[in-house]
1. Restricting to segment 245-268, and then to whatever is surrounded by 12 or more Cβ atoms within 10 Å (Cβ to Cβ) and out of contact with any His (no Cβ under 6 Å at 6 or more places or on another chain), can you tell me which residue is farthest from Lys189 (Cα to Cα)?
2. I need the full set of residues from segment 93-111 which are in contact (Cβ under 8 Å) with a residue 60 or more places away in the chain and among the hydrophobic types (A, V, I, L, M, F, W, C), in order please.
3. For segment 190-235, name all the residues that are aromatic (Phe, Trp, Tyr) and in a strand (DSSP E or B).
4. Could you please let me know if Ile197 is within 21 Å of Arg257 (Cβ to Cβ) and under 17 Å from the mean Cα position of the chain (by Cα)?
5. Identify, please: which residue in segment 1-32 is within 21 Å of Leu93 (Cα to Cα), among the charged types (D, E, K, R) and surrounded by 11 or more Cβ atoms within 10 Å (Cβ to Cβ) and is, among those, modelled with the lowest pLDDT?
6. Do you know which of the residues in segment 127-144 that are surrounded by fewer than 20 Cβ atoms within 10 Å (Cβ to Cβ) and in contact (Cβ under 8 Å) with a residue 60 or more places away in the chain is farthest from the chain's Cα centre (by Cα)?
7. Suppose the filter is touching a Phe, Trp or Tyr at 6+ places or on another chain (Cβ under 7 Å) and in a loop (DSSP other than H, G, I, E, B); does Lys263 pass it?
8. Please enumerate the residues belonging to segment 102-116 that are in contact with a Leu (Cβ under 8 Å, 6 or more places away or on another chain) and of a type outside the set (Gly, Ala, Ser).
Amino acid sequence: MDNILSKKHYRRSFFTVVTLVLVLAFFFRFIGIPHFDSNAKVDLTTFAVSILDTLTVSLLITVFIGSFVFWLTPEIIKKSTMDVIEPKEINPLFKKAAADTKTWIIKGACGGYTRAVTIPSLAQSAKHEGIGRDIRIIMLNPAEMDTCEEYANYRRSLKSASTRGPWTKEKVQEEVIATVLTALQFKYKEPLLTINIHLASTFSTFRLDISDSYVIVTKEDKEAAGLRADAGTYFYNSYKDETRLVERQSKKVQFDRPIEINKNTSEEDLKRLIIDVGLLSEKEVELVSLENILSFINDPKEPYSK
């Protein structure tokens, strides 16, 4: 019952069905049955008294059973709950958390959603409230060629692989570079945002988005369900510890100079910026498409939109 009532689309269907059943029950009790048996007629007063008596007894029993179960449930179980999230509920949960949270931790691979949705949403919330936001981002290190190649192989194996062009090592690098430069640009343009970026040499098939309210665990497939653990629970704290450990094993992006990238930015300027930030060497940057990177930055697209 808790799963049904906690999900909006299930809740609507549930109450619709219950209402329909009640209407049919009233119809048969007051019209249908008395039509065939006149002795079965009952006046509304008697019926209302019967309903109230039944409700009183049911309420007392429900409260007793609920209190008994709550008392018996170990504290560790109460703090170890994770909820399964339907695919259609993931985006609304992201946007709700982004509007309310003061901190956000992202552990992913390329950061396409982070670049297109998360950072702009947090910047807008910070500006609207006049209160700062702290953002920590963990992604693949574009200089780790073998890891980028392995991640490209993984993305090609997914059902969604054919929907947004072929995944190659270069595409992975371009996506990551675009996200890093976007984050650095927001860090410069939005003084209320504190952004720290770490580049990891390994990747996971799971993505973590941790806000003040809950952590959402998702996969790349937009048709896959997610997991949610609320703040204060065992899994919420464990996932936060996971990101801390990964950060300690990753390369931190150290770059505090102003960044301004727009449609007038030349490929030569972008190339120099990528090298200065320390994302790729002068030789490695020749292998990626600077045109694609500029497009990803200036025209970000939500990767899970239909």
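1. In this case the residue turns out to be Val246.
2. Scanning segment 93-111 gives Leu93, Phe94, Ala97, Ala98, Trp104, Ile105, Ile106, Ala109, Cys110.
3. Tyr214 - this is the single residue of segment 190-235 that is aromatic (Phe, Trp, Tyr) and in a strand (DSSP E or B).
4. No: the conditions fail for Ile197.
5. Among those that are within 21 Å of Leu93 (Cα to Cα), among the charged types (D, E, K, R) and surrounded by 11 or more Cβ atoms within 10 Å (Cβ to Cβ), it is Lys7.
6. Looking at residues that are surrounded by fewer than 20 Cβ atoms within 10 Å (Cβ to Cβ) and in contact (Cβ under 8 Å) with a residue 60 or more places away in the chain, I get Ala143.
7. no
8. Residues satisfying the conditions are Trp104, Ile105, Ile106, Lys107, Cys110.
The values are calculated or read from the model by the stated rules, or taken from the named source; none is laboratory data. Predicted model only: the values in this text are computed from it and were never measured. With ideal geometry, Cβ positions are generated from the backbone for all residues, glycine too; neighbour counts draw on all protein chains shown.
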